[in-house]
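The values are calculated or read from the model by the stated rules, or taken from the named source; none is laboratory data. Values in this document were obtained by computation on a predicted structure and should not be read as measured data. All Cβ positions, glycine included, derive from the backbone under ideal geometry; neighbour counts span all protein chains shown. Keep in mind that these areas ignore ligands, DNA and RNA; they rest on the heavy atoms of the full protein, side chains included. Shrake-Rupley method; radii C 1.70, N 1.55, O 1.52, S 1.80 Å.
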Amino acid sequence: MSKSPRVSVLMSVYNSEQFLKEAINSILEQTFEDFEFIVINDGSKDDSLKIIKSYDDKRIKLISRANKGLTASLNEGLKIASGEYIARQDSDDISVPTRLEKEVEYLDNSPKTALVGSNYTVIDMDGTKLTTTNVFTQPADLKLTQITCNQYGHGSIMLRRNILKDVGGYDDSVGYVEDYDLWTRISQVADIANIEEPLYLYRRHTESITPKNLDLQIQQTFAVRDKAFIYFLAHRRQYR
């Protein structure tokens, strides 16, 4: 029986041919090598599938099928992931070479922490660096601030696979804020943290989900925030 990898990296791909090689290479070139790379081709109509198939790396596990959407793809990946830890990677972003190594080290040394992310640098379509975030890093701060605003770049996170038994996976009913909803639910039952160093490059461009659906996303964010605030009122002693 083969040994399970420490980390399962999960990436959903939909029409990402322009930036896909950079995203894939940034994972395959990590200093931490004990991972499986679950890549779900979510019904791409461009050359994304061809690009993925061009790689000869046994760590890549390809699933290709008709389009189901991001949340369905991520939950599909979570079900087959075998790693102790699960990391996300978006198909148009870049992980710095030491990202997995430093996130694994953090979780190994922080047994009460179920989720860790990092600051991230926003880049444009050409890869030019625009700005770097300054998110909260300490668990007590994050538990409280997650009620009002998401402190995580989705692609930058790593979480313990066993936490999903307590909170479930992504909730398709919340719309485009499936990540904010999941991190908030995790924060209610375990510590969450961020690494101060920026370990991820988030690409901002006109085809990304956020700019195209901003008004709807704001409404959905408020809905998640309302649920989190109701939880806070009922469990105030958990917060500092």
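Please find, among Thr128, Thr184, Thr121, Thr148, the residue that is farther than 30 Å from Ser2 by Cβ, β-branched (Val, Ile, Thr) and touching a Pro at 6+ places or on another chain (Cβ under 9 Å).
One residue alone meets the criteria, Thr121.
State all residues of segment 6-47 that are over 22 Å from Arg204 (Cα atoms) and under 18 Å from the mean Cα position of the chain (by Cα); if no residue qualifies, say none.
Arg6, Val7, Ser8, Leu28, Gln30, Phe32, Phe35, Glu36, Phe37, Ile38
If you check every pair at least six apart or on different chains, which have Cβ atoms under 8 Å apart with a residue in segment 157-179 that is of a type in the set (Phe, Trp, Tyr) first and a residue that is surrounded by fewer than 16 Cβ atoms within 10 Å (Cβ to Cβ) and part of a loop (DSSP other than H, G, I, E, B) second?
Between residues of segment 157-179 that are of a type in the set (Phe, Trp, Tyr) and residues that are surrounded by fewer than 16 Cβ atoms within 10 Å (Cβ to Cβ) and part of a loop (DSSP other than H, G, I, E, B), the close pairs are Tyr176/Asn213.
Considering only segment 81-91, I want to know if a residue exists there that is open to solvent by less than 40 Å² (accessible area, probe 1.4 Å), in contact with a strand residue (DSSP E or B) (Cβ under 6 Å, 6 or more places away or on another chain) and over 27 Å from Val167 (Cβ atoms).
no
Looking at (1) open to solvent by less than 80 Å² (accessible area, probe 1.4 Å); (2) more than 23 Å from Ser118 (Cα to Cα), can you tell me which one Lys227 breaks?
(1)
Can you tell me which residue is nearest to Leu182 (Cα to Cα) among those in segment 220-240 that are among the small types (Gly, Ala, Ser) and under 23 Å from the mean Cα position of the chain (by Cα)? Lay out the reasoning, then the answer.
Taking segment 220-240 and keeping what is among the small types (Gly, Ala, Ser), we get 223, 228, 234.
If we keep only those that are under 23 Å from the mean Cα position of the chain (by Cα) too, we end up with 223, 228.
Working: Ala223: 13, Ala228: 11 Å.
Ranking the candidates gives Ala228 first.
Among the residues of segment 27-58 satisfying the criterion of being open to solvent by 10 Å² or more (accessible area, probe 1.4 Å) and among the hydroxyl-bearing types (Ser, Thr, Tyr), which is nearest to Asp179 (Cα to Cα)?
In this case the residue turns out to be Ser44.
Pairs, please: C-beta under 9 Å, at least 6 apart or cross-chain, first residue modelled with pLDDT of 95 or more and in segment 102-113, second assigned to a helix (DSSP H, G or I) and surrounded by 14 or more Cβ atoms within 10 Å (Cβ to Cβ)?
Going by the 9 Å Cβ cut-off, the qualifying pairs are Glu103/Ser156; Ser110/Pro139; Lys112/Pro139; Thr113/Tyr106; Thr113/Leu107; Thr113/Pro139.
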